[in-house]
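Student: One structure, as structure tokens, below. Some questions next.
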Amino acid sequence: MSVRLTSTLNVAGAPVGQPITGEVLSPASFQGDQIKGRVTDAKVSHGKATVELQFEYIHHGNFDYAGDGQDCVGPEFRWPAKCR
């Protein structure tokens, strides 16, 4: 899944737990959907910043769906629980 972040994120000092938002670029079936999540880890080493994100909700159609954090990567991507 390709996502463009729409929230501001300071990669050099992103606090764990900071909320993030984004827009899905691909796959086409989710393109344009809004997602929400949090920073789960942030490190700076030798001038290189690494930030890990966990996406928790996706707005698809007229509904918000919750992810369990385990299905957010790879071709098996799915959102199993409707939360609204």
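The values are calculated or read from the model by the stated rules, or taken from the named source; none is laboratory data. Given the structure is predicted, the values throughout are model-derived calculations rather than measurements. As a convention, Cβ positions derive from the backbone with ideal geometry for all residues, glycine included, and neighbour counts pool all protein chains shown.
Student: For region 47-64, indicate whether the set of residues that are modelled with pLDDT under 90, surrounded by 16 or more Cβ atoms within 10 Å (Cβ to Cβ) and not in a strand (DSSP E or B) is non-empty.
Tutor: Checked region 47-64: no residue is modelled with pLDDT under 90, surrounded by 16 or more Cβ atoms within 10 Å (Cβ to Cβ) and not in a strand (DSSP E or B).
Student: Okay, next question. Looking at (1) hydroxyl-bearing (S, T, Y); (2) assigned to a loop (DSSP other than H, G, I, E, B); (3) in contact (Cβ under 8 Å) with a residue 12 or more places away in the chain, which one does T40 not meet, given that it meets all the others?
Tutor: Going through the list (1) hydroxyl-bearing (S, T, Y); (2) assigned to a loop (DSSP other than H, G, I, E, B); (3) in contact (Cβ under 8 Å) with a residue 12 or more places away in the chain, T40 breaks only (2).
Student: Additional query: Any idea which residue in region 1-23 is nearest to the chain's Cα centre (by Cα), counting only those that are aliphatic (A, V, I, L, M) and at pLDDT below 90?
Tutor: M1
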